[in-house]
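**Q** For reference, the structure I am asking about is given below.
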Amino acid sequence: MKILVVNGANLNKLGSRDRDIYGDITLDELNCVMEMHVEDKDVELEFFQSNHEGDIIDKLQQTDADALLLNLGAFSHYSYAIRDAVADSELFAVEVHLSDINNREDFRKLRVLEDVVAGVFMGKQKDSYLEALDFIIAVFAQLSRFSL
Ligand code: DQA
């Protein structure tokens, strides 16, 4: 199976932005950690990062992935356009945040993806991504068992 990992606005600055909140790891290192996490599994990861809402929408419209792992950055709180693209994709999608958005500024508590994702993993920095990967892989393993 193939999982498209989408990182949105400002996540290219990981490793240098707000390290107390987001951790020391760069985006390239995070992607490496994810690759290592799935290396013994039959899973392909594709990584996409953009600071541009339209580019993320274009990517979601063109993907051939089976599932989506999404950290949209601040787009998570207001981009109904990306939310619609996720819904239109009809793909199994999971939302991720490095930080605990429920214990920060109030504007971060609004999650526009809430009704189009199967779950949200947050507040554990890089481990939020690993937990989300494990969740997606476990759900697809169950599905393939049922379709045998
Ligand atoms: C974030 C949380 C968002 O509120 C913020 O705008 C980000 C990163 C996170 O991973 O914790 O850019 O999505």
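**Q** Name the residues in the range 108-130 that are surrounded by fewer than 17 Cβ atoms within 10 Å (Cβ to Cβ), part of a helix (DSSP H, G or I) and more than 10 Å from the ligand (Cβ to nearest atom), would you?
**A** Answer for the range 108-130, where residues must be surrounded by fewer than 17 Cβ atoms within 10 Å (Cβ to Cβ), part of a helix (DSSP H, G or I) and more than 10 Å from the ligand (Cβ to nearest atom): E114, D115, D127.
**Q** Can you give me the number of residues within the range 50-86 that are within 16 Å of the ligand (Cβ to nearest atom), surrounded by fewer than 18 Cβ atoms within 10 Å (Cβ to Cβ) and assigned to a loop (DSSP other than H, G, I, E, B)?
**A** Of the residues in that region, 3 qualify.
**Q** Just a yes or no: is a residue in the range 87-107 aromatic (F, W, Y), loosely packed, with under 14 Cβ neighbours inside 10 Å, near the ligand (Cβ under 10 Å from one of its atoms) and in a helix (DSSP H, G or I)? Before you say what the answer is, go through the steps one by one.
**A** First pass over the range 87-107, keeping only residues aromatic (F, W, Y): 92, 107.
Subset that is loosely packed, with under 14 Cβ neighbours inside 10 Å: 107.
Retained after the next criterion (residues that are near the ligand (Cβ under 10 Å from one of its atoms)): 107.
Then keep just the ones that are in a helix (DSSP H, G or I); that gives 107.
Yes, that holds for at least one residue.
**Q** If I ask for residues that are within 13 Å of the ligand (Cβ to nearest atom) and more than 16 Å from G123 (Cα to Cα), which ones from the range 18-43 would you list?
**A** The one that is within 13 Å of the ligand (Cβ to nearest atom) and more than 16 Å from G123 (Cα to Cα): L27.
**Q** For the range 1-20, name all the residues that are in a strand (DSSP E or B) and under 13 Å from the mean Cα position of the chain (by Cα).
**A** Result: I3, L4, V5, V6, N7.
**Q** Right, here's the next one. Of the residues G54, G73, G23, only one is over 16 Å from the mean Cα position of the chain (by Cα), of a type in the set (G, A, S) and closer than 24 Å to N103 by Cβ; which?
**A** Residue meeting the stated conditions: G23.
**Q** If you check E46 against the conditions, is it surrounded by 13 or more Cβ atoms within 10 Å (Cβ to Cβ), within 23 Å of S144 (Cβ to Cβ), more than 15 Å from the ligand (Cβ to nearest atom) and among the charged types (D, E, K, R)?
**A** So E46 passes the test.
Read-outs throughout are calculated quantities, based only on the coordinates presented, and are distinct from any laboratory measurement. Please read all numbers here as calculations on a predicted model, not as lab measurements. Please note: Cβ atoms are built from the backbone with ideal geometry, for glycine as well, and neighbour counts cover all protein chains shown.
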